[in-house]
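Peer 1: What follows is a structure written as C-alpha cells; I'll ask about it next.
The values are calculated or read from the model by the stated rules, or taken from the named source; none is laboratory data. Keep in mind that what you see is a predicted model, and the values were worked out from it rather than measured. Every residue, glycine as well, gets a Cβ built from its backbone with ideal geometry; the counts of neighbours run over all protein chains shown.
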Amino acid sequence: MCLFCDFANHEKQALFISETERTVSFLDINPANEGHVLIIPKLHVDSILDLPNEYVIDITEESRKIIRAFEKVYNAKGYGVMQNGGANCEFGHFHFHVFPRLENDGFDWIYPKGEKEVSEKVAEKIKAAL
Ligand SMILES: [Zn+2]
C-alpha cells in the first residue's frame, strides 16, 4: 500500500533493528541524530486513533527497548519520541520516530509563528471534549 508497508513486508531493504509480530523498526535515512529509528506497525493506518490497542502497546514497548539501547550505545541521557498523525503522517502510515538526545545536540522544536492562547479557557475546552 505504501513505502512503509513495503518495509513491513520486507519487500524493500532497510537497516532493520528489530521486529515483533506487529512491528518493524529500522534506521531513519534522514536522522535527527545518529541512531534515529522508525517503528512502524504492520498495519496501514495513518493515525494512532485507528490503531488497535495491541499495536499501540507493541510500539510503545519497542520504543522503550530502543531507548534502553540508546543509553548503552550512546550513553544518551535523554531521547525524543515523535509522531505526526492524520493528514500530517508521512506515507499515510502511522509510525514512531525514536532518537537519542545528546548533550548540546542542537535539536529543537520549530513552532509556527503567531499568537497562541494559554489559558484556563483552553484547558477547559479540551477537558470538556475528553
Ligand atoms: Zn503503509
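Peer 1: Criterion first (surrounded by fewer than 11 Cβ atoms within 10 Å (Cβ to Cβ) and modelled with pLDDT under 95) does Asn84 satisfy it? First the steps, then the outcome.
Peer 2: Details: surrounded by fewer than 11 Cβ atoms within 10 Å (Cβ to Cβ): no; modelled with pLDDT under 95: yes.
So Asn84 fails the test.
Peer 1: Among the residues of the stretch 6-18, write down those that are in contact with a Leu (Cβ under 9 Å, 6 or more places away or on another chain) and within 13 Å of the ligand (Cβ to nearest atom). Lay out the reasoning, then the answer.
Peer 2: Pass one, the stretch 6-18, residues in contact with a Leu (Cβ under 9 Å, 6 or more places away or on another chain): 7-8, 12, 14-17.
Selection gives Phe7, Ala8, Lys12.
Peer 1: Moving to a separate point now. Quick one: is Glu71 touching a residue at least 12 places away in the same chain (Cβ under 8 Å), outside any loop (DSSP other than H, G, I, E, B), among the acidic types (Asp, Glu) and more than 16 Å from the ligand (Cβ to nearest atom)? Before the answer, list the steps.
Peer 2: Numbers: touching a residue at least 12 places away in the same chain (Cβ under 8 Å): no; outside any loop (DSSP other than H, G, I, E, B): yes; among the acidic types (Asp, Glu): yes; more than 16 Å from the ligand (Cβ to nearest atom): yes.
For Glu71, the condition - touching a residue at least 12 places away in the same chain (Cβ under 8 Å), outside any loop (DSSP other than H, G, I, E, B), among the acidic types (Asp, Glu) and more than 16 Å from the ligand (Cβ to nearest atom) - is not met.
Peer 1: Return the residue satisfying two criteria in turn: it lies in the stretch 1-31 and is in a loop (DSSP other than H, G, I, E, B) and surrounded by 17 or more Cβ atoms within 10 Å (Cβ to Cβ), and of such residues it is nearest to the chain's Cα centre (by Cα). Even if it seems obvious, please write down each step before you answer.
Peer 2: Filtering the stretch 1-31 down to residues in a loop (DSSP other than H, G, I, E, B) leaves 1-2, 9-15, 20-22, 28-31.
Retained after the next criterion (residues that are surrounded by 17 or more Cβ atoms within 10 Å (Cβ to Cβ)): 14, 22, 28.
Working: Ala14: 17, Arg22: 15, Asp28: 11 Å.
Checked the stretch 1-31; the qualifying residue nearest to the chain's Cα centre (by Cα) is Asp28.
Peer 1: Examine the stretch 7-24 for a residue that is closer than 17 Å to Phe107 by Cβ and either small (Gly, Ala, Ser) or in contact with a strand residue (DSSP E or B) (Cβ under 7 Å, 6 or more places away or on another chain) (or both), and state whether such a residue exists. I'd like the intermediate steps shown before the answer.
Peer 2: Narrowing the stretch 7-24 to residues closer than 17 Å to Phe107 by Cβ: none.
No: the stretch 7-24 contains no residue that is closer than 17 Å to Phe107 by Cβ and either small (Gly, Ala, Ser) or in contact with a strand residue (DSSP E or B) (Cβ under 7 Å, 6 or more places away or on another chain) (or both).
Yes or no, residue by residue, for (1) outside any helix (DSSP H, G or I); (2) on the phi < 0 side of the Ramachandran plot; (3) surrounded by 12 or more Cβ atoms within 10 Å (Cβ to Cβ):
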residue	(1), (2), (3)
Glu54	no, yes, no
Asp58	no, yes, yes
Tyr79	yes, yes, yes
Phe91	no, no, yes
His97	yes, yes, yes
Glu115	yes, yes, no
Glu124	no, yes, no
Lys127	no, yes, no
